[in-house]
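Computed from the coordinates by the stated procedures, all read-outs in this text should not be read as laboratory data. Since the model is a prediction, treat every value here as computed from it, not as a measurement. Here the Cβ is made from the backbone with ideal geometry for all residues, glycine too, and neighbour counts use every protein chain on show.
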Amino acid sequence: MTTQHSEMEEARAASEIRRFLMQRGSGAVADRTFAALMLGCALSIFAIVALILGILILRSRLSLHEFGFSFFLRSDWDPVRGSFGAVPFIWGTLASAFLALLIAVPLALGVAIFINEMCPRALRTPIAFLTELLAAIPSVVYGLWAIFVLVPIMRRSIGPFLKKFFGWTGLFHGPNFGIGLLTASIILAIMVLPVISSIARDVMKAVPNTQREGVLALGATRWEMVRIGVLRNARIGIVGAVILGLGRALGETMAVTMVIGNHAAIPKSLFAPAYTLASVIANEFTEATGDLYLSALIEIGLALFLVTIVVNAIARLLVFMVTRGNTARAV
Amino acid sequence: MPLRPSRANVGRRQAANHLFTVLAILSTVLVIAPLFAILVYLLFQGVRSLNLAFFTHLPRPVGEPGGGMANSIVGSGIILGLASLLGIPVGIGAGIYLHEYGGGKTLANAIRFTADVLNGVPSIVMGIAAYSLIVVPQKHFSAFAAGVALAIMMVPTVTRTTEEMLATVPNAVREAALGLGIPKWRTVITVSLKTASPGIITGCMLAFARVAGETAPLLFTAFGNQFWPTSLNEPIAALPLQIFVYAVSPYDEWHRLAWAGALVLIVMIMVSVTLVRVVAGRGMLKGGH
């Protein structure tokens, strides 16, 4: 009897709540609107990529029609005669990015291993923070520093040293102005380092501790533990980190523009001035006279866009294969 | 294979271990060295060149001593404010979709992937895109175009951090709110978003710091200006742009100003990044996995 009574009361109470809620109207409309709005925001990311691609193709169609694919095979860049070819810039971009990675990858991996596997716990956060600060310095400040500090050092000390001891390789002949391919690559290396090391750290962190313990239990030294237990398991992700660094190096503009020398010819030596895809845009875009000139520059931008999209997509897939989406942060 | 370890073998392995330890420490030192080299030199040159005029005066023509970058500082503020206003809401919205609505759907994965890829697109390409989209139809450079270029660069960073921060909010909190009969949109805003807000603010500040120093997208959108900004529809001065112009100029006086500008810019960025670290370090709701 009493239980029945309380049940009835509960039912009435529930209906009162229900009535109250009905009075306030249904949340369905607001809910759907909100969900649609959020979906709109998310889809805008697709829209941005599509818009960039569309507008770059549209504005470079003059050059696309005029030169076709041969644009990427011709090596003369002569705005006066209206003859445009991107080979010197492609060459300069690839050479500087490759050299930068050559310098940056061993260092970045060394730092990542040190922070993750060797460093005393107390030092871990400060060192990680310092390497990330390196990423916070703007490109133009790197360029400024490079012009006034790195270039004189290259001209006076490092350049002559390299020429004296490694001149036989043939990589260092020609006059050494301080500015040029090698200087640009060094500053580029400093800039891509934090990108590579922070992703490499994420990837290494994703390797389960049991792997390390297993190798150590077999009597391995620490280096063997890192090599067999960590690096071997994380290698795909590390390759991803390196490719991500490559993407950054290909598109880096200001610092490179300030020290590479900006000369549209295929460099014959590491001291020679060169030109990259990004820096030719930065330098000549506002001075481009004539529609064909402008559209050729935009086509270079289009090429840069497509290449970095592909490079980044590959890198992200490789990193994802190791971390399964458990990265600590978006870089 | 003998199971007994040979002495020579152990020695070689230990030597390799020591060598590797030394190399790892050496590379860490080599990486941190340029950071200090840059910061110390910048501090030295910048402090020497900074004065009150830098913050209050307009740039002077070549040959006239003095002058400052007051208009560039204001211009940068305007451009960055505009970029944040445009980019942050879209980024947060996309992040909310990815975590609260997308779940493991293919669409959400595709958006996440696109955001990551967009993050790696060079900033100069954003500059050309904004130029082609806004400057060409309008036929003049503008602060607005610069703001749009930087906003596009902010969106992916904000999106991904918002999503990651929402993932740290325990589902029990959401379920409790929904169980009280609160509609989902309201739950998302007042419960999920609010709980994750310190982390999301961190993400926004990081995105801000990242675009604050960008020069390449401003070259053909903001373009630069010798005078005070008066409207969003005209060329505008910006700090990184002015640093670039002065750095590549042949005049000592302008080099001095470039150093001062670089110091101001980097202090701005470092302060926001460090602030973010402090804020993010505390007050975050932990657990929930």
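Springs between alpha-carbon atoms under 10 Å, Gaussian network over chain A: tell me which of A:Ala28, A:Ala217, A:Ala206 tops the mean-square fluctuations.
Judging by the Gaussian network model, the answer is A:Ala28.
Using Cα springs under 10 Å in a Gaussian network model of chain A, which residue among A:Leu181, A:Leu318, A:Leu58 shows the largest mean-square fluctuation?
A:Leu58
Based on the mean of other Cβ atoms within 10 Å per residue, sort peptides A:110-116, A:77-83 so the most packed one is first.
Ranking, from highest mean packing down: A:110-116, A:77-83.
Sorted by average packing, counted as other Cβ atoms within 10 angstrom per residue and highest first, what order do A:147-154, A:241-248 take?
With the highest mean Cβ count within 10 Å placed first, the list reads A:241-248, A:147-154.
Taking 2.2 N^0.38 Å as the expected size of a compact globular protein, what ratio does the Cα radius of gyration of segment B:151-289 give against it, to two decimals? Before the final figure, lay out the partial values.
Values: Rg = 20.7 Å, N = 139, 2.2 N^0.38 = 14.3 Å.
Scaled against compact globular proteins, the figure is 1.44.
To two decimal places, what compactness ratio does segment B:1-138 give when its Cα radius of gyration is scaled by 2.2 N^0.38 Å? Working shown, then result.
On the way: Rg = 27.1 Å, N = 138, 2.2 N^0.38 = 14.3 Å.
Against the compact-globule rule of thumb, the ratio is 1.90.
Rg (Å, one decimal) plus Dmax (Å, integer) for the alpha carbons of segment B:116-219?
18.0, 56
Counting just the Cα atoms, what span does segment A:50-206 cover along each of its three principal axes? Round to the nearest Å and put the largest first.
62, 49, 28
Dividing the alpha-carbon Rg of segment B:39-97 by 2.2 N^0.38 Å yields what? It would help to have the intermediate numbers written out before the result.
Numbers: Rg = 17.6 Å, N = 59, 2.2 N^0.38 = 10.4 Å.
So the Cα radius of gyration is 1.70 times the expected 2.2 N^0.38 Å.
Per residue of A:301-314, what is the mean number of Cβ atoms on other protein chains within 10 angstrom of that residue's Cβ?
On the way: counts 9, 3, 1, 5, 7, 2, 1, 6, 6, 1, 2, 7, 5, 1.
What the average comes to for A:301-314 is 4.
Could you give the spread of the C-alpha atoms of segment A:206-245 along their three principal axes, from largest to smallest, in whole angstroms?
35, 17, 10
Please state the equivalent ellipsoid semi-axes for chain B: what are the square roots of 5 times the Cα gyration tensor eigenvalues, largest first, in whole Å?
Numbers: eigenvalues 309, 231, 66 Å².
One finds semi-axes of 39, 34, 18 Å for chain B.
Once the Cα atoms of helix A:28-59 and of chain A are each reduced to a long axis, what angle between those two axes, in degrees from 0 to 90 to the nearest 10, is obtained?
For helix A:28-59, the angle is close to 10 degrees.
Convert 10 °C to kelvin, take the viscosity as 1.306 mPa s, use the Kirkwood radius over C-alpha pairs of the protein assembly as shown as Rh, and evaluate the Stokes-Einstein diffusion coefficient in µm²/s, rounded to a whole number.
Details: Rh = 26.5 Å.
In µm²/s, the coefficient rounds to 60.
Have a look at segment A:85-131 and give its Rg and Dmax from the Cα atoms, expressed in angstrom.
16.4, 54
Springs between alpha-carbon atoms under 10 Å, Gaussian network over chain B: tell me which of B:Ser231, B:Ser197, B:Ser27 tops the mean-square fluctuations.
B:Ser27
Is there a simple number for the mean count of other chain Cβ atoms within 10 Å of the Cβ of residues in B:15-26, and what is it?
Working: counts 2, 4, 7, 3, 1, 9, 6, 0, 7, 13, 5, 3.
That average works out to 5.
Please report, largest first and rounded to whole Å, the three semi-axes of the ellipsoid equivalent to segment B:218-283, where each semi-axis is the square root of five times an eigenvalue of the C-alpha gyration tensor.
28, 18, 9
How would you order B:91-101, B:69-79 from highest to lowest mean count of nearby Cβ atoms within 10 Å? Show your work: numbers first, answer last.
Working: B:91-101: 25.5, B:69-79: 23.4.
Highest-to-lowest ranking by the protection proxy: B:91-101, B:69-79.
Two-decimal Rg/Rh of chain A from alpha-carbon positions, Kirkwood Rh?
Working: Rg = 27.9 Å, Rh = 23.7 Å.
Reported Rg/Rh (Cα atoms, Kirkwood Rh): 1.18.
If you take each beta carbon of peptide A:125-137 and count the beta carbons of other chains within 10 angstrom, what is the mean? Let's see the in-between values first.
On the way: counts 2, 1, 3, 0, 3, 5, 4, 2, 9, 5, 3, 12, 11.
Mean number of neighbouring Cβ atoms from other chains: 5.
What angle, in degrees between 0 and 90 and rounded to the nearest 10, separates the Cα long axis of helix A:87-113 from the longest principal axis of the Cα atoms of chain A?
Roughly 60 degrees between the two axes.
Taking each full run of DSSP H in chain B as one helix, which ones are at least 30 Å long along their axis (Cα atoms) and have mean Kyte-Doolittle hydropathy of at least -0.5? Don't skip to the answer; put the middle values down first.
On the way: long enough: B:7-49 (63 Å, 1.08); B:70-96 (38 Å, 1.69); B:143-167 (36 Å, 1.11); B:252-281 (43 Å, 1.38).
Both cut-offs are met by B:7-49, B:70-96, B:143-167, B:252-281.
For segment B:1-75, treating each Cα as an identical point scatterer without solvent, what Debye log10 I(q)/I(0) comes out at q = 0.13, 0.27 1/Å?
Computed log10 I(q)/I(0) values: -0.66, -1.12.
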